[in-house]
């Protein structure tokens, strides 16, 4: 039995990537009015700007918004009017204002695991304030002992968290939609992880075929309590 | 004797506000080329945008950069060219790239307190990634047991940190340059605080005259070890 079960948040507890993709569609529509280029290429240009900017801005909506502005100026050779740039910032604010939409069966599952006396936590990357606001809005706060917002989900980050809360890796289970961020670094540290794919994955989180060594995959978070009963009790 | 001494970071361990003010001067110069308004008013307009945006963006350089862009568009009635907006984003990146400049005597003081077996931590607000990068660059990491980046420095935030690390308020001393963020909420919880003013204070951190009840003020961080010896041993 695990001591601690930690959940990723975006696209594991609530919808997120779909909101970014909807905003990217609006970005394309807006920018294509001022550019002779191929609209199909604009998302890729935006993605490249985001990757280049990660070392400055990190992850999250503010970073994404700054990258939208920067890419729009580049793609249009500075021809985009300032008012339209203001629209891009408004798109970012609309994302931050978007109510949290829990994924199906999340609330019942988290409640059931908490009732089974697992210690639950959230480990999520992105903007500190936005992630905290989403946890607060989710209605799930009371189920979680700790909320950790981190700037990167790699081995050193998980190591720091395990040490901070004095958790043995063998008693730690991570649940998330990203093999790269939620599964592989945890497994590398000797912890366990369950991958629950979201219907779409951000390009940055994709990894080459990984043969599912050392971790399991579920179709749906609602399967988690049964999975734990049949595998770990 | 205290169990834990926590330091604010910006303008307590290293220079920060002066960098914002230098950038505001560049912002004024850039925007005034496209606006008929009074340049002296531009900083105030920027400050108002920042305050309006805190609920979306929180604190830090990314938030400040987005607010510079938004204010520039407003002040110039959309007349500022996109290329100049690109310059504002470049100003933000330059701030994030700025090497950490420790305040005078910080390193010796922190080293001395660590040698005196105080448990030291950092509690700072702002962009998660930027604050972590600054701590890493500061060369001080090994002196601190914990680094906490928070989205607001109020009573509930300090309460959460004290509980998380199982620290009694009476054994907790906070050191910082902001009476509002570093002193008053800690004193309200029953902790102790020492105010060490920076030569300039962000408008948002100013509070009305507070009569120094329940906390002390030092001119310089280098006075801290002597202060602790004479007051608390």
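The values are calculated or read from the model by the stated rules, or taken from the named source; none is laboratory data. Quick caveat: nothing in here was measured; it's all calculated off a predicted structure. When we count neighbours, we look across all protein chains shown, and the Cβ atoms used for this are built from the backbone with ideal geometry, even at glycine.
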Residue check, residue B:140 more than 26 Å from residue A:150 (Cβ to Cβ) and more than 9 Å from chain A (Cβ to nearest Cβ): no
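Where in segment B:71-177 are there helices (runs of 4 or more DSSP H), lying fully within it, with 2 or more residues that are closer than 21 Å to residue A:54 by Cβ?
Details: elements: B:82-97, B:106-115, B:128-138, B:155-164.
Here the list reads B:82-97, B:128-138.
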Tell me yes or no: at least one residue of segment B:89-100 is modelled with pLDDT of 95 or more, in contact with a strand residue (DSSP E or B) (Cβ under 9 Å, 6 or more places away or on another chain) and crowded, with 16+ Cβ neighbours inside 10 Å. yes
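If you go through segment A:56-73, how many residues are without any contact (Cβ under 8 Å) to a residue 60 or more places away in the chain and out of contact with any helix residue (DSSP H, G or I) (no Cβ under 7 Å at 6 or more places or on another chain)? Full working, then the answer.
Let us first name the residues in segment A:56-73 that are without any contact (Cβ under 8 Å) to a residue 60 or more places away in the chain, namely A:56-57, A:64-73.
When the remaining residues are screened for being out of contact with any helix residue (DSSP H, G or I) (no Cβ under 7 Å at 6 or more places or on another chain), the result is none.
Number satisfying all stated conditions: 0.
Mind telling me which of the residues B:197, B:185 ends up being within 19 Å of residue B:218 (Cα to Cα) and either within 14 Å of chain A (Cβ to nearest Cβ) or not in a helix (DSSP H, G or I) (or both)? Write out each step before concluding.
On the way: B:185 fails: either within 14 Å of chain A (Cβ to nearest Cβ) or not in a helix (DSSP H, G or I) (or both).
On inspection, the qualifying residue turns out to be B:197.
Being within 9 Å of another protein chain (Cβ to nearest Cβ), at positive phi and surrounded by fewer than 21 Cβ atoms within 10 Å (Cβ to Cβ) is true for just one of B:86, B:78, B:126. Which residue is that?
Answer to the selection: B:78.
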Given the conditions (1) in contact (Cβ under 8 Å) with a residue 60 or more places away in the chain; (2) crowded, with 18+ Cβ neighbours inside 10 Å, report the number of the one that residue B:183 does not fulfil. (1)
Taking segment A:103-121 and keeping residues loosely packed, with under 15 Cβ neighbours inside 10 Å and either more than 21 Å from residue A:2 (Cβ to Cβ) or within 10 Å of chain B (Cβ to nearest Cβ) (or both) leaves A:104
